[in-house]
Amino acid sequence: MNPSITGLHHVTAIASDPQRTLDFYVGLLGLRFVKRAVNFDDPTSYHFYFGDARGTPGTILTFFAWPGARRGIRGTGQIEAPAFAIPPNSVGYWLNRFKEHHVPAEKTPARFGEDVLRFVDPDGLAIELIASISSAGFEPWADSTVPVEHSLHGFHGVSIALEGYEQTATLLIETFGYRLVEQLNNRFRLAAPSEAGAGRIVDLLCRPDGSPGRVAAGSVHHIAFRARDDAEQLVWRKRLVDLGYNVTPVIDRTYFHSIYFREPGGVLFEIATDPPGFTLDESLEELGNQLRLPPWLEPTRSQIEEVLPAVKVPAKQ
Ligand code: ZN
């Protein structure tokens, strides 16, 4: 088996206020709150998952919500911005929506022929909406605060800021199977070969004079790429270990299984399996309604619930 990566599975960032994060991503951006979980390494803090109607891989943005977390510093060795795809005729809708919600958003010059809206979330995380004709691999959520015709279509991709892009490009191209599809100045656009899902794009931004960033609130903690199943993940693990990467054992994240390693530019990469998915422990209709804990934390549920701040999920008006 000689698999290639088909795109992003999820992006995980850090937030400092759980309620404010829900208000922004569900209330303003119209994502579905697909899982209310805790950080397995620190069960006294939330791990929120947002996505399309079912949390399809390639649409999932997750947050470690650490109240009072200090702010990160933007720089190299970091994700510059996760980007969501929006329908090409939705640019005006989104500009208006940001204005109504008093979120400064700028329309940057078109990038590779596509309009780009750029804004920051309440913790300072830069996010882009890219007007793109691709709408593969996502399922709209009817109860979104955003009308279905303007909803986010899952990830377009991510931009990674790097001091030098070559080694990261080599990993993505020679090992993951990505292709260099376009280049403009210091931006190198790579795409996964598959047309099947969302999140196929990785832009490498080469910034030899940039200074290294610091990952904290308002920055991306890691990005995850997709593996079809456990068997394919083990193939990936072996290939990466053979290349000299220091790869973790497979870790059970309940809704997917994960391996992690640091890519040559300094960003933490994960490879996560598509199955079992978010309907493992609650029905599609009930996603996100209740705090979900893995079996080993259930015995301490009451203590965990006591410590976690109460939150309210914004609803469609
Ligand atoms: Zn992850």
| query | Hey, residue 248 hits all of (1) away from the ligand (no atom under 16 Å from the Cβ); (2) within 30 Å of residue 190 (Cα to Cα); (3) without any contact (Cβ under 8 Å) to a residue 40 or more places away in the chain but one; which does it fall short on? | reply | (1)
| query | Is there a residue being at pLDDT 95 or above, part of a loop (DSSP other than H, G, I, E, B), surrounded by fewer than 18 Cβ atoms within 10 Å (Cβ to Cβ) and more than 16 Å from the chain's Cα centre (by Cα) anywhere in the stretch 90-99? | reply | no
| task | Pick out the one residue from 271, 259 that is assigned to a strand (DSSP E or B), touching a Lys or Arg at 6+ places or on another chain (Cβ under 6 Å) and open to solvent by less than 30 Å² (accessible area, probe 1.4 Å). | result | 259
| request: Filter the stretch 174-206 for residues that are over 17 Å from residue 128 (Cβ atoms) and surrounded by 17 or more Cβ atoms within 10 Å (Cβ to Cβ) and give the result. | output: 176, 178, 192, 197, 206
| request: Name every residue in the stretch 155-173 that is within 24 Å of residue 59 (Cβ to Cβ) and open to solvent by 10 Å² or more (accessible area, probe 1.4 Å), in order of residue number. | output: 156
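Residue-wise test of (1) free of Cβ contacts under 8 Å to residues at least 12 places away in the same chain; (2) within 16 Å of the ligand (Cβ to nearest atom).
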site	(1), (2)
173	no, no
185	yes, no
188	no, no
206	no, no
212	no, no
215	no, yes
218	no, no
224	no, yes
227	no, yes
| query | Given the conditions (1) in contact with a strand residue (DSSP E or B) (Cβ under 9 Å, 6 or more places away or on another chain); (2) crowded, with 22+ Cβ neighbours inside 10 Å, which single one is not true for residue 137? | reply | (1)
| request: Would you mind stating whether residue 287 is part of a loop (DSSP other than H, G, I, E, B) and over 30 Å from residue 204 (Cβ atoms)? | output: yes
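The values are calculated or read from the model by the stated rules, or taken from the named source; none is laboratory data. No experiment lies behind these values; they were computed from the predicted model shown. No Cβ is skipped: glycine too gets one built from the backbone with ideal geometry, and neighbour counts run over all protein chains shown. We work out accessible area using only protein heavy atoms, side chains counted, and drop any ligands, DNA or RNA first. Shrake-Rupley method; radii C 1.70, N 1.55, O 1.52, S 1.80 Å.
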